[in-house]
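Chemist: Next up is a structure, given as structure tokens.
The values are calculated or read from the model by the stated rules, or taken from the named source; none is laboratory data. Predicted, not measured: the structure shown is a model, and the values here were computed from it. Glycine also receives a Cβ, built like all others from the backbone with ideal geometry; neighbour counts cover every protein chain displayed.
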Ligand code: ATP
Ligand code: MG
């Protein structure tokens with residue numbers, strides 16, 4: 001029945017001079033994601049049109065398209081000519097047996113078309129009433145027939161399928177996401193991708209508290225997030241040597257802050273190697289001791305690059321809802337060892353200041369530890 005997929009992007013359409021760059025990126029991403037389905041992708045006046053050669057793959061294609069950032073909604077459609085008779089014929093074929101009420105919704109990007117959208121609605125509506133004896137219901141019809149008039153063709157379809165919105169992954173450049181295995185950082189990474197970042201992951205672990213299972217869990221989380229971009233890279237960084245050094249010089253109350261300062265320093269080093277542009281974290285203001293505004297200030301002070309914290313405005317309950325929706329929650333709640341809590345005080349300092357933290361760090365060979373950490377890191381790759 002269907003020979004096309006009409007893909008509508010939301011925000012790209014209003015990006016002015018960048019529009020073409022955004023569209024091309026979305027097309028690349030679509031082609032990559034659908035490479036095994038033998039569909040061709042082309043631009044067509046403010047939308048993308050996929051030519052569907054094998055209708056049996058509709059469910060799989062639908063699954064893919066609902067996870068591509070930059071797509072607002074899409075529809076499996078019949079492409080036909082600009083002739084009224086052809087459009088009518090296609091509408092007839094799409095009417096389901098159960099339908100009693102309907103409406104027609106026409107739009108046209110081709111302003112030279114001989115009828116206005118309203119005229120088209122009226123003519124096609126009258127036709128359906130006469131042929132099938134159905135009733136018009138503009139509010140809550142059994143079926144809506146969408147008719148899109150473009151320069152060369154028209155498209156007829158009955159369903160708009162919502163996708164994830166946002167911007168095509170890659171248009172904003174690369175970022176480094178610090179991912180912990182908790183609930184928040186996977187959601188933060190998702191939002192970075194949603195705004196067009198391609199994400200490289202960095203994870204720190206301490207093998208004296210992190211089991212093999214906790215590493216497997218983290219890998220599952222990254223794997224599940226990898227469906228939104230072409231290729232995904234994960235740096236696994238052993239952290240126990242650094243933690244041992246920190247423990248020697250820093251009182252337990254302040255260790256968590258210093259651990260985190262090292263994590264950020266190392267992540268920044270990887271950012272430079274990868275030519276990425278910013279760091280992303282799951283930090284959420286004031287939710288735990290490590291995330292008071294004072295402590296975040298002391299941690300963020302250690303790097304020069306921008307830090308993106310997509311979750312700053314969310315309540316925990318909202319973050320959990322999103323984690324459930326994007327299917328990372330079930331993985332995140334599996335038990336794991338949090339290396340940030342390795343040998344720290346029961347009540348970590350909630351208000352640290354830079355001078356005292358730098359004082360505790362004065363005897364640590366920071367540069368050497370950071371370089372070593374990057375050197376011994378292991379890289380895992382994931383393909384979409
Ligand atoms: P999350 O649910 O993401 O773990 P959280 O609310 O539990 O967040 P923390 O555990 O203090 O808070 O971590 C804050 C942020 O620091 C994380 O969102 C993540 O970006 C980063 N982070 C913490 N631990 C690690 C780790 N082991 N490896 C990489 N990044 C980490
Ligand atoms: Mg955590």
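Chemist: Please go through the range 322-355 and give me each residue that is surrounded by fewer than 19 Cβ atoms within 10 Å (Cβ to Cβ) and over 29 Å from residue 211 (Cβ atoms), ordered by number.
Modeler: Hits for the range 322-355 are 350, 351, 353, 354, 355.
Chemist: Also, I was wondering about something else. Taking only pairs six or more apart or across chains, which ones have beta-carbon atoms under 6 Å, a first residue in the range 332-346 that is more than 16 Å from residue 205 (Cα to Cα), and a second residue that is more than 13 Å from ligand 2 (Cβ to nearest atom)?
Modeler: Partner pairs satisfying both residue conditions: 345/252; 345/253.
Chemist: Would you be able to tell me the number of residues in the range 206-236 that are surrounded by fewer than 21 Cβ atoms within 10 Å (Cβ to Cβ), in contact with a strand residue (DSSP E or B) (Cβ under 6 Å, 6 or more places away or on another chain) and closer than 29 Å to residue 257 by Cβ?
Modeler: Residues meeting the conditions: 2.
Chemist: Determine, yes or no, whether residue 286 is in the same structural domain as residue 337 (by TED's automatic domain parsing) and either crowded, with 23+ Cβ neighbours inside 10 Å or more than 16 Å from ligand 2 (Cβ to nearest atom) (or both).
Modeler: Details: in the same structural domain as residue 337 (by TED's automatic domain parsing): yes; either crowded, with 23+ Cβ neighbours inside 10 Å or more than 16 Å from ligand 2 (Cβ to nearest atom) (or both): no.
Against the criterion (in the same structural domain as residue 337 (by TED's automatic domain parsing) and either crowded, with 23+ Cβ neighbours inside 10 Å or more than 16 Å from ligand 2 (Cβ to nearest atom) (or both)), residue 286 does not qualify.
Chemist: Condition first: in contact with a strand residue (DSSP E or B) (Cβ under 6 Å, 6 or more places away or on another chain), surrounded by 23 or more Cβ atoms within 10 Å (Cβ to Cβ) and farther than 9 Å from residue 282 by Cα. Now tell me which residues in the range 168-187 satisfy that.
Modeler: Answer for the range 168-187, where residues must be in contact with a strand residue (DSSP E or B) (Cβ under 6 Å, 6 or more places away or on another chain), surrounded by 23 or more Cβ atoms within 10 Å (Cβ to Cβ) and farther than 9 Å from residue 282 by Cα: 169, 175, 176.
Chemist: Within the range 245-339, which helices (runs of 4 or more DSSP H) (wholly inside it) include 3 or more residues that are more than 19 Å from the chain's Cα centre (by Cα)? Quick ask: steps written out before the conclusion?
Modeler: On the way: elements: 252-274, 293-300, 316-325, 329-332.
Those helices (runs of 4 or more DSSP H) span 252-274, 293-300.
Chemist: May I ask you to list the residues in the range 312-334 that are within 13 Å of ligand 1 (Cβ to nearest atom) and under 21 Å from residue 220 (Cβ atoms)?
Modeler: 319, 320, 322, 323, 328, 329, 331, 332, 333, 334
Chemist: Follow-up question, since we're still on this one. Among what's in the range 131-186 and is within 16 Å of ligand 2 (Cβ to nearest atom) and assigned to a loop (DSSP other than H, G, I, E, B), pick the residue that is nearest to residue 43 (Cα to Cα). Talk me through it step by step, then tell me what you get.
Modeler: We begin by selecting, within the range 131-186, every residue within 16 Å of ligand 2 (Cβ to nearest atom); these are 177-186.
Adding the requirement that they be assigned to a loop (DSSP other than H, G, I, E, B) leaves 179-183.
Details: 179: 36, 180: 40, 181: 39, 182: 40, 183: 38 Å.
Only one residue fits best here, namely 179.
Chemist: Considering each residue of the range 230-247, count those that are farther than 10 Å from residue 205 by Cβ and within 16 Å of ligand 2 (Cβ to nearest atom), and give that number. Steps first, answer last, please.
Modeler: If we filter the range 230-247 for residues that are farther than 10 Å from residue 205 by Cβ, which is where we start, we get 230-235, 241-247.
Those still in the list that are within 16 Å of ligand 2 (Cβ to nearest atom) too: 243.
The number of residues fulfilling the criteria is 1.
Chemist: In addition: Please work out if residue 169 is within 16 Å of ligand 1 (Cβ to nearest atom) and either modelled with pLDDT of 95 or more or not assigned by TED's automatic domain parsing to the domain that holds residue 324 (or both). Talk me through it step by step, then tell me what you get.
Modeler: On the way: within 16 Å of ligand 1 (Cβ to nearest atom): no; either modelled with pLDDT of 95 or more or not assigned by TED's automatic domain parsing to the domain that holds residue 324 (or both): yes.
For residue 169, the condition - within 16 Å of ligand 1 (Cβ to nearest atom) and either modelled with pLDDT of 95 or more or not assigned by TED's automatic domain parsing to the domain that holds residue 324 (or both) - is not met.
Chemist: Here are some residues: 190, 201. Which one is assigned by TED's automatic domain parsing to the domain that holds residue 329, buried (at least 19 other Cβ atoms within 10 Å of the Cβ), in contact with a helix residue (DSSP H, G or I) (Cβ under 7 Å, 6 or more places away or on another chain) and without any contact (Cβ under 8 Å) to a residue 40 or more places away in the chain? Lay out the reasoning, then the answer.
Modeler: Numbers: 190 fails: without any contact (Cβ under 8 Å) to a residue 40 or more places away in the chain.
The unique qualifying residue is 201.
Chemist: If you scan the range 25-57, which residues turn out to be surrounded by 13 or more Cβ atoms within 10 Å (Cβ to Cβ) and in a helix (DSSP H, G or I)?
Modeler: Within the range 25-57, 25, 26, 27, 28, 29, 30, 31, 32, 33, 37, 57 meet the criteria.
Chemist: Here's something else I'd like to know. Can you spot a residue in the range 140-163 that is away from ligand 1 (no atom under 16 Å from the Cβ), without any contact (Cβ under 8 Å) to a residue 40 or more places away in the chain and either in contact with a helix residue (DSSP H, G or I) (Cβ under 8 Å, 6 or more places away or on another chain) or in the same structural domain as residue 98 (by TED's automatic domain parsing) (or both)?
Modeler: Within the range 140-163, the subset away from ligand 1 (no atom under 16 Å from the Cβ) is 140-163.
Keeping just the survivors that are without any contact (Cβ under 8 Å) to a residue 40 or more places away in the chain gives 140.
Pick out the ones that are also either in contact with a helix residue (DSSP H, G or I) (Cβ under 8 Å, 6 or more places away or on another chain) or in the same structural domain as residue 98 (by TED's automatic domain parsing) (or both) and you get 140.
Checked against the condition, which is being away from ligand 1 (no atom under 16 Å from the Cβ), without any contact (Cβ under 8 Å) to a residue 40 or more places away in the chain and either in contact with a helix residue (DSSP H, G or I) (Cβ under 8 Å, 6 or more places away or on another chain) or in the same structural domain as residue 98 (by TED's automatic domain parsing) (or both), the range 140-163 yields at least one hit.
Chemist: Continuing with this model, one more query. When only residues in the range 224-244 that are part of a strand (DSSP E or B) and under 17 Å from the mean Cα position of the chain (by Cα) count, which is farthest from residue 181 (Cα to Cα)? Spell out the reasoning first.
Modeler: If we filter the range 224-244 for residues that are part of a strand (DSSP E or B), which is where we start, we get 231-238.
With under 17 Å from the mean Cα position of the chain (by Cα) added as a condition, the list becomes 231-234.
Working: 231: 20, 232: 16, 233: 16, 234: 13 Å.
Among those that are part of a strand (DSSP E or B) and under 17 Å from the mean Cα position of the chain (by Cα), it is 231.
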